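Novice: This is the structure I want to talk about, given as structure tokens.
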Amino acid sequence: MLQSRLGIKLDAGAWCVIGKIPKPPSDVHAGAGDGSLRPAFIRPLRVLTLVLTSPFVLILGLLLLLASGEEVLKKWLATGEERERLRAEELDAKRRDASIVELGLNQTFDGNWSGAAGQFLRRWYGHSSHHQRFVALSEGRILLAAPPKRVSFRAESRMKVVAEIPADEAVLEDLLPQYENNKLRLHFKDGSWIVLTTEEMRSAIHKHLLRHPVNHETESTEP
């Protein structure tokens, strides 16, 4: 994708989003040029497409409902061994969700607007008004790619690198490698961080980090 489009060697990549950016203090926001803290609105063409495809959305909803009923039926008909496995999976998911909260991975960032993460976050939608970023690892660097403006279709064919973070400034971390999860932490050298949520559980980046764990010493910062 990005490799063939821009001729960059990629180690791993995944589509990600961030949480809602909280409003910074007015002086901090003004110092960053009062940039947008939200992605651009969906274009009218996209809204029209959603309206036209609403019957298909309804059908999809019914299919998901049937699938949910099928799961309930499977649990009811499951053997003792299968029920034990399902209970273990549910317990694992609860532990994962509790760990996400405990580690702050349910937050957008560490809360310190003066830190490197806070400063980077203030410019996030200035780089691109698209709601997603294709985050890639390339020879130690962290690249963020996206269409320059928010699009409804063909984001891959329109994207370009909108931000680059050198290897000595930040790393990507999977703090929950023992669980299948969709959380990554963009951890800056000063200790500040931003949480990224990948489009899929255990993305290509998660798998890469499992094979190549990183050691990253950071300074301790308090919000």
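No lab work stands behind these numbers, since they all come straight from the coordinates. Because the structure is a prediction, the values reported are computed rather than measured. Every residue, glycine as well, gets a Cβ built from its backbone with ideal geometry; the counts of neighbours run over all protein chains shown.
Novice: Using a ≥ b ≥ c from the Cα gyration tensor of the stretch 121-171 (square roots of the eigenvalues), is it rounded, prolate or oblate, where a/c under 1.5 gives rounded and otherwise the larger of a/b and b/c decides, a/b for prolate? Numbers along the way, then the final one.
Specialist: Working: a/c = 3.13, a/b = 1.64, b/c = 1.90.
Taking the square roots of the gyration eigenvalues as a ≥ b ≥ c, the stretch 121-171 is oblate.
Novice: Let me ask you something else. Hey, can you rank 133-143, 13-23 by average C-beta count inside 10 Å, highest first?
Specialist: Working: 133-143: 19.5, 13-23: 16.2.
Output ranking for 133-143, 13-23: 133-143, 13-23.
Novice: Quick check: from the Cα gyration tensor, does the stretch 85-127 come out rounded (a/c under 1.5), prolate or oblate?
Specialist: prolate
Novice: Sticking with this one: Once both labels are modelled 7 Å past Cα along the beta-carbon direction, what's the A88-S114 spacing in nm?
Specialist: 5.0
Novice: Any chance you could run the full-extension gain for V28 through T79? It's 0.36 nm times the residue separation minus the Cα-Cα distance, nm to one decimal. Show your work: numbers first, answer last.
Specialist: Details: separation 51, 0.36 × 51 = 18.36 nm, distance 5.89 nm.
Contour length minus the Cα-Cα distance gives 12.5 nm.
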